1. Summing -39500 (n - 2.57) over the DSSP H runs of n ≥ 4 in the protein assembly as shown and dividing by its residue number, what mean residue ellipticity at 222 nm do you reach, to the nearest 500 deg cm²/dmol?
2. For chain A, modelled as a GNM with alpha-carbon contacts under 10 angstrom, which of A:Asp232, A:Asp148, A:Asp134 fluctuates the most?
3. Which FRET efficiency value, to the nearest 0.05, is calculated for A:Ile157 and A:Glu77 with the Förster distance at 25 angstrom and r the Cβ-Cβ distance?
4. Over segment B:10-295, what percent of the accessible surface lies on carbon and sulfur atoms, probe 1.4 Å?
5. 7 Å along Cα→Cβ for the label point: how many nanometres lie between A:Gly86 and each equivalent label in the other copies, listed shortest first?
6. What does the structure give for A:259-267 when I average, per residue, the other chain Cβ atoms found within 10 Å of the residue Cβ?
7. Sticking with the crude label model, points 7 Å out along Cα→Cβ, report the distance from B:Thr117 to B:Ala24 in nm, one decimal please.
8. With viscosity set to 1.306 mPa s at 10 °C, what whole-number translational diffusion coefficient in µm²/s follows for the protein assembly as shown from Stokes-Einstein and a Kirkwood radius over Cα pairs?
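The values are calculated or read from the model by the stated rules, or taken from the named source; none is laboratory data. Keep in mind it's a predicted model, so treat the numbers as computed, not measured. Backbone-built Cβ (ideal geometry, glycine too); neighbour counts: all protein chains shown. When the accessible area is computed, the model is the full protein with side chains, heavy atoms only, and any ligands, DNA or RNA have been set aside. Shrake-Rupley method; radii C 1.70, N 1.55, O 1.52, S 1.80 Å.
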Number of protein chains: 2
Amino acid sequence: MSTALPAAVDLREVGLRDGLQLEAPIPLEAKLEILDAVAATGVRRVEVTSFVSRSAVPALADAEQIVAELDRWPGLEFSALVAGLGGARRAVAAGMPNLEYVISVSDGHSLANARRTTEDAVAATADIARLAHDAGGLCEAILAVAWDCPFDGPIPIRRTVEVARRAVGFGVDRLCLGDTIGTTVPGRLVTLVEAVREACPGVQVGVHLHNTRGSGLACVLAAVQIGVTQIDAAVGGLGGCPFAPGASGNIATEEVVYLLEGSGVATGLDLDRVLDAAAVVERAVGHDLPSNLYRAGGPPRPRSVTPAG
Amino acid sequence: MSTALPAAVDLREVGLRDGLQLEAPIPLEAKLEILDAVAATGVRRVEVTSFVSRSAVPALADAEQIVAELDRWPGLEFSALVAGLGGARRAVAAGMPNLEYVISVSDGHSLANARRTTEDAVAATADIARLAHDAGGLCEAILAVAWDCPFDGPIPIRRTVEVARRAVGFGVDRLCLGDTIGTTVPGRLVTLVEAVREACPGVQVGVHLHNTRGSGLACVLAAVQIGVTQIDAAVGGLGGCPFAPGASGNIATEEVVYLLEGSGVATGLDLDRVLDAAAVVERAVGHDLPSNLYRAGGPPRPRSVTPAG
């Protein structure tokens, strides 16, 4: 293991899904404005919505409508999250073949989130992967609560690894480890990523991190140091529950770009355009965003010397 | 360079100085209450105040008074920041022999902060170190704006290294690199720490970081990975200007403890006691603290399964 960093990473913008899902619903037009701003950042991959229960997640009830607009941005690779076969069918029918199938690795979270056990969620993988492939898309398995569950506590590594191994056996093309409640730290991140890689050789393993307890960006660094290049982030750090000030959001795209570009790792994103996009997001949701970098006004811009009088 | 982590680090609590210095003054009694809470965390080193202009920093105008109370905590190693010979004399006269002498490595910041050039600040080092030593204390040089200056922009590495080398030549016992405006990132942190170490063999080099742009904890990780064990942090992440919501504070002690202990690095601090101390600080300053971990209610505490109805 070394701290040599890869030359480049491939970020995925998840603000339109994981950022907005707990917000009060915003109009489709506002989402398209965000998409315009996100496209201008230079990001290549965008998680654009999820096909889940419209009553449980009203903020993303317009999944079909937003997917119908995506031809406007031919340079972007879009994907949508699904939590089961029904959502996968809706996504494909709507014209979205790239599926992120979320599997909670703890029964507690799986039951709360999708009303079924992890075992039942894993069993649906083959059908969902086939749907994506038949539609010409990719299927990624996102392993939710990969480190810790809010109900069941810390997840044994062998349990997450086993879900990963089986999902790959059922045909998913890549994996993403989700720190759903923002609890992991660099040491634990590295241990799990390496264990999953060993069990699933040749399969790309990405990470989906939250900054809830302040370790999000340090986890990005640790992940990148061991060669993880698939990293989720949300412009402005949007996400988490807006009604619980303590529940901070996704790691902020601009903070990831600032940290990595400043350390010599190319992201392909233009930091000033990411900050512009954060301003668009902030207007759309109507409240402050958690990103420190955004609130600080971006990178340092030296001013003239004005000695204290 | 490897990501093998040291077995332990030695944190310094700086909330009473760098955390409080821009706050509205609070009573001495409130500071002593914070000190009680800080002592209970298990931290070994505390930066307790600064001896600087009382009119410029009214929040720390009671430096003599707080130093007079420190016998209450015989297990702690206290130090105070000084910005020149006058402050150093005041500190020693007050009974505080351990001095942190802050030298701004840019002329722009040095003139704004201490009304003199870096050269003049460096020239005072020998006298200040001698004062500390004659009083039986240690003298640490804190190099402010070691990476970036708000006036002069990025600082050439050779400039910071040269200030470090000369300060050591003038007798300081250890060094601390200050990311005063919270701009550095892991790659730049490692480069400068290694350059300073090479120029000052055998001298301990610590870091003083801010989380202004979200990279603070990632910089802690990067520093620890290259064997830095002297790390400054403030309970609750207090610091920065309370009148500028974007200017976030020092890295939060509890976030450092959470990150490092969870990654197998001993800090000697009890996380729950650090969170208790943050609550004391929050009451004392009367406003929210920036620490994500504190606002999230601390580490995860699993609850019983309550599936979505």
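1. On the way: 24 runs with 236 residues, N = 618.
When only DSSP H runs of four or more count, the value is -11000 deg cm²/dmol.
2. Of A:Asp232, A:Asp148, A:Asp134, the Gaussian network model singles out A:Asp134 as fluctuating most.
3. Working: r = 31 Å, r/R0 = 1.23.
Between A:Ile157 and A:Glu77 the formula returns 0.20.
4. Working: 4920 of 9440 Å².
The computed percentage sits at 52.
5. 7.4
6. On the way: counts 10, 5, 2, 10, 12, 5, 3, 0, 0.
So the per-residue partner count for this stretch is 5.
7. In this crude label model, B:Thr117 to B:Ala24 measures out at 4.2 nm.
8. Numbers: Rh = 25.0 Å.
Stokes-Einstein gives a translational diffusion coefficient of 63 µm²/s.
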